Structure formats: structure tokens, C-alpha cells
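Step one of this worksheet: look at the structure below.
A short reminder: the numbers here are calculations on the coordinates, not readings from a lab. Being a predicted model, the structure only gives us computed values, none of them experimental. Virtual Cβ from ideal backbone geometry, glycine too; neighbours counted across all protein chains shown.
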Amino acid sequence: MGNRFSCKKIDGSTSNRRFGGRNRSRRKLQADEELLHIQALSLAIQHHQSSQRFEGSMSRRNGSVSSRRRSNPVSDPVVDAGKQQKLSAEFLENLETKNIVLIHGEGFGAWCWYKTIALLEESGMIPTALDLTGSGIDLKDTNNVTTLEEYSKPLIDYFQDLQEDEKVILVGHSSGGACVSYAMEQFPQKISKAVFLCGTMVSNGQKPFDVFAEQLGSAELFMKESKFLIHGNGKDQPATGFMFEKQQMRGLYFNQSPAKDIALAMVSMRPIPLGPMMQNLSLSKEKYEAGRRFYIQTLEDHALSPDIQEKLVRENPPEGVFKIKGSDHCPFFSKPQSLHKILLEIAQIA
């Protein structure tokens, strides 16, 4: 992030030379785009594998939405470090916790948070992005992931390794919200705040898939007729997962995201285990409902429409609701600065 590329203007005295210059410019643009993609993938892997933390600064608070109109969808601008407003030591000291755990949604992995990780680290926060079982660079075959407990095992292991008095802010994107709810029921004392990012904030007795039912059809119908199903144990056996076609994913998830992030996603997304999506959650008033929940709505979302998100909030009211205008289902790509600002605001809430 932050790298800038420019094409030098090539002058010539003949049309052939100008034509050659245009060809070279096009080739250079293509090369630059490929380089951007490689850099994005490298940065994602670097952040996933590295535990190094560093102090930095945050961007100036300009509000959670952008009013600028763009002909092409791009992410929020990355503000120059020299122009960023530094977080005070007092701000950081007054936080209940600086630890933020980021849980990806269906098909994604820890790699999708690379912009958010960088921004949070620059603000002095301590982000951790996890690969759920069978996701990202986790080697487990998704066809063998059958329960939400197994799917959430990396998160469970993380909480079990925490110090007794240590707390975190837990953020779940899309179906990763079900893992957040599950963790709230298992480790309520270790979760300072739970944040559902256009997430499946289900109620007791619901399954994660229920949230998408209005757009994908009922679970029963989907299991019978969907062309996206994967039968890992043979066609005569029940489906084990599903994965949308690339063109379908582009329209559902990335309708406002930059081209380089879409390219990163196209080579990084993995099949979605079906069992965890179809599992009913048992959530109690004493643990899950007693926790502090916040919801972030994405207002240009094609995967989980704003109406459905509004319904989730209405039926299962959280403590606070934030909205990101101009964001698709992946604000960590399409509106990283706005998402960053909201996460810091939630961290500050006493």
C-alpha cells in the first residue's frame, strides 16, 4: 500500500512512434497492475505470518463515509504518514484492550485483512487475523470440516492460550459472525466487545445460512438444487461444501472493491464447508446475550443486502450500529479507512 506508479509520457514526431508509445504505456500499466497484485499478496502473507508489531499513527478523522463520487470504484485513499494524526499514549492507555482479533467470512482467509492490519498497527493497536479451519493457508480439507466447533478451532485455541485476565475485541466478517457468536458463548469473560461486520448475527436456534436464505433460498432448497455445491465424498453422498463461480463472486462480494484486491481474492478464496453453515447455534442469555455486541452495516452490499442487515439488527439488537456508505460486502477492500475509523471508535466506547 502507498506505492505510486506513473507512466512517463513518450513523445515522438511520427504517428508510428506515438502508437508505439501508447503500446508501451499499456504494457507498463499492465505490468504495474500485476506488480500491485503481487505486492498485495506478499503483504497479506507477510502480515499473516509475522507477529511483529509497531507503533505508528492514524489518519485524521473525516467521518465514517466518503461523499466523493467516483466513476470507478476504488478504496479509501491512504493518507500519507506525515499527514496522519498520531494517537496519543493517553488514548491507548485508556482502552480496555488494544487486542483486536479479526475473523474472516466464508471462503476468505486471514489474508483479506491486510489493509486493516496495517492501519490498526499504525494506530498502536494489536491486531491478530486467524485462518479458520480449512481456510487461507490452513491445510485442512474443507470437505472434512463438518461442525462449527471444528471450523472455529483456531479461534478456540487462541482463546485457550490467552492469559486469564486478558481480553480482546472480536471482529467477525460475514459468516464469521457465527464463529464470533460461538466464541461469545464459550469465552464470554475474554471478549471485551464483539463486532459483526455485515455479519451473520444470529439468534438462539438459528443457523448461519438462515441469514442468507432470502437471497440464496431456504437451506433445504439450496442443498437440493444449488449448482455451487461440492460433493467431496461422491455425487451419491450429501454435499460437503460450496463455492461460487468467479463471476458470481465478483457480483456478490466485490462490486465496489479495487481490481487488485479482486485479483487477490480470485486466487486466494477456498471452498466453504457446508456443515458449519447449516448448524443451529445454542446461545444463552447469560453469556451471548449479556455480551457487548456492535454491528457495522455495508450499504452497497450485494451478498447480504442492507435490508437484511437492518432486519438482523432489528430482531437481535446490538449495543451500537455503524454504517459505511459506498461499501460492498468487503469493506476491508472497498472502504478500509472508514472501517478502520469505526473499529477505533468501538474500541473507545466505555
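For the reader, a short list of remarks on this structure follows.
- Of the peptides 278-286, 131-139, the ranking by mean beta-carbon count within 10 Å, highest at the top, reads 131-139, 278-286.
- Shape category assigned to the stretch 136-208 from the gyration tensor of Cα positions, a/c cut at 1.5: oblate
- Approximating the spin labels as points 7 Å out from Cα along Cα→Cβ, the Met266-to-Asp157 distance works out to 3.3 nm.
- Rounded to whole numbers, the Karplus 3J(HN,Hα) couplings from phi for the stretch 193-209 are 8, 10, 10, 9, 9, 5, x, 7, 7, 7, 9, 4, x, 8, 9, x, 5 Hz, using 6.51 cos²θ - 1.76 cosθ + 1.60 with θ = phi - 60°, and x at Gly and Pro.
- With contacts taken as Cα pairs under 8 Å and at least 6 residues apart, the stretch 168-291 reaches a relative contact order of 31 percent.
- Per-residue ³J(HN,Hα) for the stretch 306-316, Karplus 6.51 cos²θ - 1.76 cosθ + 1.60, θ = phi - 60°, Hz, x for Gly and Pro: x, 5, 5, 4, 5, 5, 4, 5, 5, 7, 9
- Three-way shape label, the stretch 206-350, alpha-carbon gyration tensor, a/c 1.5: oblate
- Amide H contacts for Thr128 (H built 1.01 Å from N in the peptide plane; partners 5 or more residues away or on another chain; cut-off under 5 Å): Ile100, Val101, Leu102.
- Among 263-274, 155-166, 321-332, 174-185, the order from most to least packed when residues are scored by Cβ within 10 Å on average: 174-185, 321-332, 263-274, 155-166
- Around the amide H of Gly241, modelled in the peptide plane, lie the amide H atoms of Ile230, Gly232, Leu274, all under 5 Å away and 5 or more residues distant in sequence or on another chain.
- Taking a ≥ b ≥ c as the square roots of the eigenvalues of the Cα gyration tensor, the stretch 164-203 is prolate, since a/c reaches 1.5 or more and a/b is larger than b/c.
- For Val195, the residues whose amide H sits under 5 Å from its own are Leu170, Val171, Gly172, Phe294, ignoring neighbours fewer than 5 places away on the same chain, with H placed 1.01 Å from N.
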